[in-house]
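Engineer: Once you've had a glance at the structure underneath, I'll fire off some questions.
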Amino acid sequence: MKSTGKVTGIVSNLVTVETDGPVAQNEICYITLGETRLMAEVIKVNGKNAAVQVFESTRGLKNGCMVEFEDRMLEATLGPGLLSSSYDGLQNDLTTMTGVFLKRGEYTDPLNHEKLWDFTPIANTGDKVSAADWLGEVKEGWLPHKIMVPFSFKGEYTVKSIVPEGQYNIDHVIAVLTDENGEDVNVTMTQKWPVKVAIKNYREKPRPSRIMETGVRVIDTLNPIAEGGTGFIPGPFGCGKTVLQHAIAKQGDADVIVMAACGERANEVVEIFTEFPELIDPHTGRHLMERTTIICNTSNMPVAAREASVYTAMTICEYYRAMGLKVLLLADSTSRWAQALREMSNRMEELPGADAFPVDLSAIISNFYSRAGMVILNNGKTGSVTFIGTVSPAGGNLKEPVTESTKKAARCFYALEQNRADKKRYPAVNPIDSYSKYLEYPEIQEYLSEKITKGWVEMVEKAKNIIRKGKEANEQINILGDDGVPMSYHEVFWKSELIDFVILQQDAFDAIDALCPLERQKYMLELVLGICDREFTFDDFEKCRDFFKELINILRQMNYSEFLGENFNKYQEQLNNLLSNGK
């Protein structure tokens, strides 16, 4: 039987409940406040007392209010209709709510129970199936949405019957399965799964073996992320974390996009809701929203709901991965998730770690990142969840606990730099501090050699070395002045600037430059490195001028004339000054 209890203490969203029976960690309960029922989650059990975090405002809550425990964890409802939808962290459909804001105690259904779906069976009567096996499929937009044996089923089942091809709603019984004890079980198009438990109904989880193309040169060329890999984007406020994520969402080589806005400012969330339905998918020519799901919790929502949003988003990703699809999860920002964990930890008076974050913050972040990855399904097909989160360190301090803990879990690190953002060099990713550990994988190196060209990794390392030497030369020039360093320093610096202008900087609003395929990236990097490999003598102004004219003509072909063409006179003046001083 389900346990009940009554409220004995209230500290903001943390409520102490005296129970009359056993309750479980992370169990869901409802607190009755007049005609309103507030959802909460058990986060600590001490004898007969349970500490629960309420997903709503606790304003007006009193001691003695009745509590009913549900004997289940926080679950996500999974089925056709998730794409093109917008939810909060509890999977309330934000498009069907009454009014501008969700009212306290108002919980909406995430799926449409009346819509009919064109069902096509895959399994046949008599087939042996187990959890996550495909029974049939419906078309969700233009993507095949597999109807699967519920993930919670244990053991092997026999398909007793399955409905023929036709139109059915999500509540219609599409198959009857018989378990090992001879009992029949009805299966519909929907199922539920606890969001804080990873879905592991697959055969194998191998190391990533190919990269996920994002169309962003500073990522794909210098520090690529693997399909099924993990990465994060830390940086100060205003450096372009959200814009970079939106560019990846629009251009990334993925079947399904899940955007998780965890604790973001309301204006950024409004931009997502207003802009995403209008964006055109460059890969298909259809609306991007057709393959996108948005999970949104703004910074003014209770901490418990903010924490739930990232778990709900990841569960939806794992669901689509079990269909053999490539899923991309973008979380903005995991710092707000960590701050929600800190608030709850402090209210429970737990022993604090660094900067008052929970002492197990690193383990929590690592466990969450580990849910991403490429998997081999039971039928031999592959699916993947690629996860890229942003971190918003206070004051741009990349040594703070959330950034350091995420570094241990993520394999790609894209550090945004305030200095580059101030110079309007977008994306403002620091090419020296950033890295991708996937470049060290033999499988990835072999894939890049076959996909792009042999020796691609060596070319990338060569470009990085030029950038690194150029930064060192620039520091020397700034300290000693133009005349205080040899001409070779200027040569190295301008070669690094050439790579910066052509490769690192990218116009997200330009029709051509916004999406850069790997073939174009290969052409650009080979051309730029070919220029950098040339030997130049700066003893003849005519030769220098001819060189810069040739360079500008090349860059004009690449759509960079707007920047470099206006600065040609400045370069010419600098060369005149150097030559007049005997350089």
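The values are calculated or read from the model by the stated rules, or taken from the named source; none is laboratory data. Bear in mind the structure is a predicted one, so any value in this text is a computation, not a measurement. All Cβ positions, glycine included, derive from the backbone under ideal geometry; neighbour counts span all protein chains shown. These accessible areas exclude ligands, DNA and RNA; they are computed on the full protein's heavy atoms, side chains included. Shrake-Rupley method; radii C 1.70, N 1.55, O 1.52, S 1.80 Å.
Engineer: Filtering the range 379-427 down to residues that are part of a helix (DSSP H, G or I) and in contact with a Gly (Cβ under 8 Å, 6 or more places away or on another chain), which residue is nearest to Ala261 (Cα to Cα)?
Structural biologist: Thr406
Engineer: Here's something else I'd like to know. Would you pick out the residues in the range 191-210 that are in contact with a Gly (Cβ under 8 Å, 6 or more places away or on another chain) and open to solvent by less than 40 Å² (accessible area, probe 1.4 Å)?
Structural biologist: Gln191, Pro208
Engineer: How about the range 27-68: which of its residues are part of a loop (DSSP other than H, G, I, E, B), polar (S, T, N, Q) and either open to solvent by less than 30 Å² (accessible area, probe 1.4 Å) or touching an Asp or Glu at 6+ places or on another chain (Cβ under 6 Å) (or both)?
Structural biologist: Residue satisfying the conditions is Thr58 alone.
Engineer: Further question on the same structure: For a quick check of your reading: which strands (runs of 3 or more DSSP E) sit entirely within the range 125-202 and have at least 3 residues that are within 29 Å of Asn26 (Cα to Cα)?
Structural biologist: So the answer is 184-187, 191-194.
Engineer: Given (1) over 24 Å from Ile43 (Cα atoms); (2) open to solvent by less than 20 Å² (accessible area, probe 1.4 Å); (3) assigned to a helix (DSSP H, G or I); (4) at pLDDT below 95, where does Cys317 come up short, assuming only one miss?
Structural biologist: Status for Cys317: all satisfied but (4).
Engineer: Checking Pro164 against (1) surrounded by 15 or more Cβ atoms within 10 Å (Cβ to Cβ); (2) in contact with a Phe, Trp or Tyr (Cβ under 9 Å, 6 or more places away or on another chain), only one condition comes out false. Which one?
Structural biologist: Going through the list (1) surrounded by 15 or more Cβ atoms within 10 Å (Cβ to Cβ); (2) in contact with a Phe, Trp or Tyr (Cβ under 9 Å, 6 or more places away or on another chain), Pro164 breaks only (1).
Engineer: Which residue, of Asp507, Asp539, Asp513, is modelled with pLDDT of 85 or more, assigned to a loop (DSSP other than H, G, I, E, B) and open to solvent by 50 Å² or more (accessible area, probe 1.4 Å)?
Structural biologist: Asp507
Engineer: Residues to consider are Ala249, Ala260; find the one that is open to solvent by less than 20 Å² (accessible area, probe 1.4 Å), farther than 26 Å from Lys424 by Cα and of a type in the set (Gly, Ala, Ser).
Structural biologist: Ala260 is the lone residue from the list that is open to solvent by less than 20 Å² (accessible area, probe 1.4 Å), farther than 26 Å from Lys424 by Cα and of a type in the set (Gly, Ala, Ser).
Engineer: Could you list, in sequence order, the residues of the range 69-83 that are under 31 Å from the mean Cα position of the chain (by Cα) and either open to solvent by 10 Å² or more (accessible area, probe 1.4 Å) or over 22 Å from Lys103 (Cα atoms) (or both)?
Structural biologist: Result: Arg72, Met73, Leu74, Glu75, Thr77, Leu78, Gly79, Pro80, Gly81, Leu82, Leu83.
Engineer: Which of the residues that make up the range 232-244 are part of a helix (DSSP H, G or I) and surrounded by fewer than 22 Cβ atoms within 10 Å (Cβ to Cβ)?
Structural biologist: Thr242, Val243
Engineer: Going by the structure shown, is Tyr414 among the hydroxyl-bearing types (Ser, Thr, Tyr) and at pLDDT 95 or above?
Structural biologist: yes
Engineer: For Met289, are the conditions met, namely being open to solvent by less than 50 Å² (accessible area, probe 1.4 Å), in contact (Cβ under 8 Å) with a residue 40 or more places away in the chain and farther than 18 Å from Ala331 by Cβ?
Structural biologist: Values: open to solvent by less than 50 Å² (accessible area, probe 1.4 Å): yes; in contact (Cβ under 8 Å) with a residue 40 or more places away in the chain: yes; farther than 18 Å from Ala331 by Cβ: yes.
For Met289, the condition - open to solvent by less than 50 Å² (accessible area, probe 1.4 Å), in contact (Cβ under 8 Å) with a residue 40 or more places away in the chain and farther than 18 Å from Ala331 by Cβ - is met.
Engineer: Whether any residue in the range 216-223 is assigned to a loop (DSSP other than H, G, I, E, B) and under 30 Å from Glu458 (Cβ atoms) is what I want to check.
Structural biologist: Yes, some residue in the range 216-223 is assigned to a loop (DSSP other than H, G, I, E, B) and under 30 Å from Glu458 (Cβ atoms).
Engineer: Going by the structure shown, is Thr284 among the polar types (S, T, N, Q), within 24 Å of Ile219 (Cβ to Cβ) and not in a loop (DSSP other than H, G, I, E, B)?
Structural biologist: no
Engineer: Could you please let me know if Gly324 is part of a loop (DSSP other than H, G, I, E, B), within 19 Å of the chain's Cα centre (by Cα) and surrounded by fewer than 24 Cβ atoms within 10 Å (Cβ to Cβ)?
Structural biologist: The answer is yes for Gly324.
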